[in-house]
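Data block below; observations after.
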Amino acid sequence: MSSQTAMEESPNLYLLRSLSKLHRPDESRSGMDDFTHQVRLGLIFDHLVIYKKNGGENLEPVYARAVGRGRSAEADTAWGDSIGSQAIQNNRAITTHPPQNSEADRLDRPFGLAIPLSHNNTPFGAVVMIRFGGPNYSLIDIDQAQGYAAVLSLVMGNKRLQDQVELLTQQNRQSNLQDNFISTITHELRSPLGFIKGFATTLLRSDTTWDFQTQQEFLKIIDSETDNLQDLIDNMLDSARLQSNMLEMHMQPVRVDSLIRNVTARTNLHHPDLKILLELTEPIKFVQADPKRLDQVFENLINNSSKYAPQSPLWITIKSENQQVILQFRDEGPGIPAESLEKIFWRFFRDLNSSKETRGSGLGLYICKQIIDAHHGEISVESTVGEGTKFTILLPVLDE
């Protein structure tokens with residue numbers, strides 16, 4: 001918007017239009033620049049600073065602009081943090097002026113005006129204006145500055161409330177996820193323990209004997225459920241380590257196609273009915289990675305396909321392109337609903353439509369994303385209900 005257009009519309013309307021950009025991070029700086037420009041049309045100053053309280057009585061500058069005489073020497077001139085503190089402490093306008101000295105350089109003679117910014121009459125910051133060489137701020141100047149500060153207080157106060165609501169929403173969401181996790185993990189722990197306990201007790205009964213084939217069947221169930229229990233515990237430990245940034249990575253040059261072949265060979269032993277179709281576009285470049293952790297990611301995605309799309313083949317494609325190795329895992333299973341898709345990598349999250357049919361802790365995909373992030377890569381998912389799901393992993397190639 002041009003200066004002429006800005007002057008033709010209501011000043012307060014233009015201020016609100018400018019400050020509304022504070023809610024959009026990519027435009028917040030331009031919004032404050034527009035605000036500063038509009039204020040200076042009616043109130044001359046050389047420096048403008050906006051401070052916010054940052055714990056206790058400490059002030060943090062969130063915006064500063066040199067627009068006048070001090071612009072060429074802004075790093076060495078006064079900015080008014082002390083009078084900003086006074087305005088907040090006293091909750092009123094504060095003015096300062098230097099001693100009379102006609103021979104002093106105007107940059108050494110700052111005239112200051114600080115107006116508190118408040119929400120519900122509680123100061124949370126201050127706007128400070130500095131003039132070098134005078135004149136002093138008049139009562140009309142102070143009234144006008146207080147009007148601008150009132151508009152700024154309204155917008156910034158609403159922004160603070162919006163941030164608090166978003167924080168509380170996030171905390172509530174995390175709390176709900178943790179509550180669901182506790183419920184899920186209790187069930188997931190009881191299930192394998194119940195099988196292990198039940199079949200072990202049955203084998204130990206003294207009032208009956210079991211033929212060799214039945215014993216082997218019971219022992220295989222115990223062995224399988226022990227593996228499930230071990231996987232669950234490992235996921236919980238990995239999740240805790242990732243949360244505290246303590247999961248170790250041992251990086252080395254890795255060919256991901258070799259890892260995939262190893263994982264698919266192991267999968268065929270446990271899931272012989274899962275058909276895996278591997279497609280490679282040579283050459284596949286090396287990546288800098290922890291092979292154990294990448295192996296964990298690939299195995300999780302393949303196991304997910306066997307659980308959630310057991311009747312579908314799994315297509316795995318690997319290629320090197322644009323300094324990245326691209327891996328895709330695609331099935332033609334039931335798909336993931338749109339409302340669950342954006343949450344699929346959240347810690348503890350499980351799609352309610354599948355939770356009754358399949359077992360899981362809601363940690364696997366969260367761990368996958370954290371591991372890929374640690375490799376400076378990306379993992380994403382696309383899905384259409386009734387058509388299937390596709391996971392895509394991008395890993396930077398190793399510099400040659």
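Rule-based calculations on the coordinates, nothing more; no lab input. What you see is a predicted model, and the numbers here were worked out from it, not measured in a lab. When we count neighbours, we look across all protein chains shown, and the Cβ atoms used for this are built from the backbone with ideal geometry, even at glycine.
Given a Förster distance of 25 angstrom, what is the FRET efficiency for A64 paired with I140, based on the Cβ-Cβ distance and rounded to 0.05?
Working from the Cβ atoms, E equals 0.50.
Estimate the FRET efficiency between R205 and D234 by the formula 1/(1 + (r/R0)^6), using the beta-carbon distance for r and 22 Å for R0, to the nearest 0.05.
The computed FRET efficiency comes out at 0.10.
Grab the beta carbon distance between L280 and K220, set R0 = 30 Å, and tell me the FRET efficiency rounded to 0.05.
Efficiency for this residue pair is about 0.30.
Holding the Cα-Cα limit at 20 Å, pick out from K292/K369; K159/K343; K52/K159; K275/K343 the pairs that are longer than that.
Violating the 20 Å limit, Cα to Cα: K159/K343; K275/K343.
Let me see the P(r) profile for the range 263-338: every Cα-Cα distance counted, bins of 10 Å, each bin given as a percent of all pairs.
18, 47, 30, 6
Can you find, among S320, I276, Q296, the residue farthest towards the positive end of the dipole of the range 252-396? Put +1 on the C-beta of Lys and Arg, -1 on that of Asp and Glu.
Q296
Would you mind ranking S85, S30 so that the residue whose beta carbon has the fewest other beta carbons within 10 Å leads the list?
In increasing order of surrounding Cβ atoms, one gets S30, S85.
Work out from phi, with θ = phi - 60° and the Karplus expression 6.51 cos²θ - 1.76 cosθ + 1.60, the ³J(HN,Hα) of each residue of the range 390-397, listed in order in whole Hz, and give x for Gly and Pro.
9, 9, 10, 10, 10, 10, x, 6
Using only the alpha carbons of the range 252-396, determine the length spanned along each of the three principal axes and report them from longest to shortest in whole angstroms.
41, 30, 24
Below 19 Å, Cα to Cα, which lysines can K319 reach? Residues fewer than 8 away in the same chain don't count.
Once the sequence-local lysines are set aside, what remains near K319 is K285, K390.
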